[in-house]
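Asks: Here you go, one structure.
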């Protein structure tokens, strides 16, 4: 099983600074959340073990937040030393799809999108953990709509 850092590094390796791709900590949190949600919906198991919490600005994996906190609201540098062999073909495909669909949006657009979604809304009142079951249920409905 991957870690949240593995998933984050995959997204950070996709950055093309020449065309203006930028990923802040806020945006990275949302991309990792969407990857976990769709992985749960498609494969019925988590992509990574770390918990996702409902913070004021949307879903957050604490380990990632503190790892990239030094960048503040600015862009995180592209990661170049990623071992792509740790990602199987299905995982790469899923992460590529998440990046293609959600990576085009700004951090604040993604933040606002998550605020409209049941997994965050249900956990936000008490700043609690966003459960795998709520993510699986919600993202399964999103797959059904896209089909």
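The values are calculated or read from the model by the stated rules, or taken from the named source; none is laboratory data. These numbers come from a predicted model, not from an experiment. We place every Cβ from the backbone using ideal geometry, glycine too, and count neighbours over all the protein chains shown.
Asks: Confirm whether residue 139 is in a loop (DSSP other than H, G, I, E, B) and either at pLDDT 95 or above or touching a strand residue (DSSP E or B) at 6+ places or on another chain (Cβ under 8 Å) (or both). Before the answer, list the steps.
Replies: On the way: in a loop (DSSP other than H, G, I, E, B): no; either at pLDDT 95 or above or touching a strand residue (DSSP E or B) at 6+ places or on another chain (Cβ under 8 Å) (or both): yes.
Answer is no for this residue.
Asks: Still on this model: Quick one: which of 97, 29 is part of a helix (DSSP H, G or I), in contact (Cβ under 8 Å) with a residue 24 or more places away in the chain, touching a strand residue (DSSP E or B) at 6+ places or on another chain (Cβ under 8 Å) and within 16 Å of residue 10 (Cα to Cα)?
Replies: Values: 97 fails: touching a strand residue (DSSP E or B) at 6+ places or on another chain (Cβ under 8 Å).
The match here is 29.
Asks: Here is a further query. Right, residue 45: surrounded by 11 or more Cβ atoms within 10 Å (Cβ to Cβ) and either at pLDDT 95 or above or within 23 Å of residue 122 (Cβ to Cβ) (or both) or not?
Replies: On the way: surrounded by 11 or more Cβ atoms within 10 Å (Cβ to Cβ): no; either at pLDDT 95 or above or within 23 Å of residue 122 (Cβ to Cβ) (or both): yes.
No; evaluated as a whole, the condition is false for this residue.
Asks: Now a separate question. Out of the stretch 57-76, which residues are free of Cβ contacts under 8 Å to residues at least 24 places away in the same chain and out of contact with any strand residue (DSSP E or B) (no Cβ under 7 Å at 6 or more places or on another chain)?
Replies: Applying the first criterion (free of Cβ contacts under 8 Å to residues at least 24 places away in the same chain) to the stretch 57-76 yields 62, 66, 70.
The answer is 66, 70.
Asks: Next up: Can you tell me which residue within the stretch 9-24, out of those that are in contact with a strand residue (DSSP E or B) (Cβ under 9 Å, 6 or more places away or on another chain), modelled with pLDDT of 95 or more and farther than 14 Å from residue 97 by Cα, is surrounded by the fewest Cβ atoms within 10 Å (Cβ to Cβ)?
Replies: The initial filter retains those residues of the stretch 9-24 that are in contact with a strand residue (DSSP E or B) (Cβ under 9 Å, 6 or more places away or on another chain), namely 10, 15, 17, 21-24.
Right, trim to modelled with pLDDT of 95 or more and you get 10, 23-24.
Filter once more, keeping what is farther than 14 Å from residue 97 by Cα: 23-24.
Values: 23: 25, 24: 18.
Checking each candidate, the answer is 24.
Asks: Taking the criterion of being under 14 Å from residue 4 (Cβ atoms) and surrounded by 13 or more Cβ atoms within 10 Å (Cβ to Cβ), would at least one residue in the stretch 106-129 satisfy it?
Replies: Checking the stretch 106-129: not a single residue is under 14 Å from residue 4 (Cβ atoms) and surrounded by 13 or more Cβ atoms within 10 Å (Cβ to Cβ).
Asks: Filtering the stretch 81-94 down to residues that are assigned to a loop (DSSP other than H, G, I, E, B) and touching a helix residue (DSSP H, G or I) at 6+ places or on another chain (Cβ under 7 Å), which residue is nearest to residue 42 (Cα to Cα)? Don't jump to the end; show me each part of the working.
Replies: Filtering the stretch 81-94 for residues assigned to a loop (DSSP other than H, G, I, E, B) gives 81-83, 87-88.
After this cut, where a residue has to be touching a helix residue (DSSP H, G or I) at 6+ places or on another chain (Cβ under 7 Å) as well, the list is 82, 87.
On the way: 82: 25, 87: 16 Å.
Only one residue tops the list, namely 87.
Asks: Would you check if residue 15 is assigned to a helix (DSSP H, G or I) and over 9 Å from the mean Cα position of the chain (by Cα)?
Replies: Numbers: assigned to a helix (DSSP H, G or I): no; over 9 Å from the mean Cα position of the chain (by Cα): yes.
So residue 15 does not fit the description; no.
Asks: Yes or no: residue 90 surrounded by fewer than 16 Cβ atoms within 10 Å (Cβ to Cβ) and free of Cβ contacts under 8 Å to residues at least 12 places away in the same chain?
Replies: Working: surrounded by fewer than 16 Cβ atoms within 10 Å (Cβ to Cβ): yes; free of Cβ contacts under 8 Å to residues at least 12 places away in the same chain: no.
Here the answer is no, as residue 90 does not meet what is asked.
Asks: Continuing with the same structure: Among the residues of the stretch 102-120 satisfying the criterion of being assigned to a helix (DSSP H, G or I) and free of Cβ contacts under 8 Å to residues at least 40 places away in the same chain, which is farthest from the chain's Cα centre (by Cα)? Step through it out loud before you land on a result.
Replies: Of all residues in the stretch 102-120, those assigned to a helix (DSSP H, G or I) come to 102, 107-115, 118-120.
Now drop any that are not free of Cβ contacts under 8 Å to residues at least 40 places away in the same chain, which leaves 109, 112, 118.
Working: 109: 14, 112: 14, 118: 16 Å.
It comes out as 118.
Asks: I'd like to know if the stretch 61-72 contains one or more residues that are part of a loop (DSSP other than H, G, I, E, B), in contact with a helix residue (DSSP H, G or I) (Cβ under 6 Å, 6 or more places away or on another chain) and farther than 14 Å from residue 7 by Cα. Full working, then the answer.
Replies: Kept after step one, since they are part of a loop (DSSP other than H, G, I, E, B), are these residues of the stretch 61-72: 61, 72.
After this cut, where a residue has to be in contact with a helix residue (DSSP H, G or I) (Cβ under 6 Å, 6 or more places away or on another chain) as well, the list is 61.
When the remaining residues are screened for being farther than 14 Å from residue 7 by Cα, the result is none.
No, because not a single residue in the stretch 61-72 is part of a loop (DSSP other than H, G, I, E, B), in contact with a helix residue (DSSP H, G or I) (Cβ under 6 Å, 6 or more places away or on another chain) and farther than 14 Å from residue 7 by Cα.
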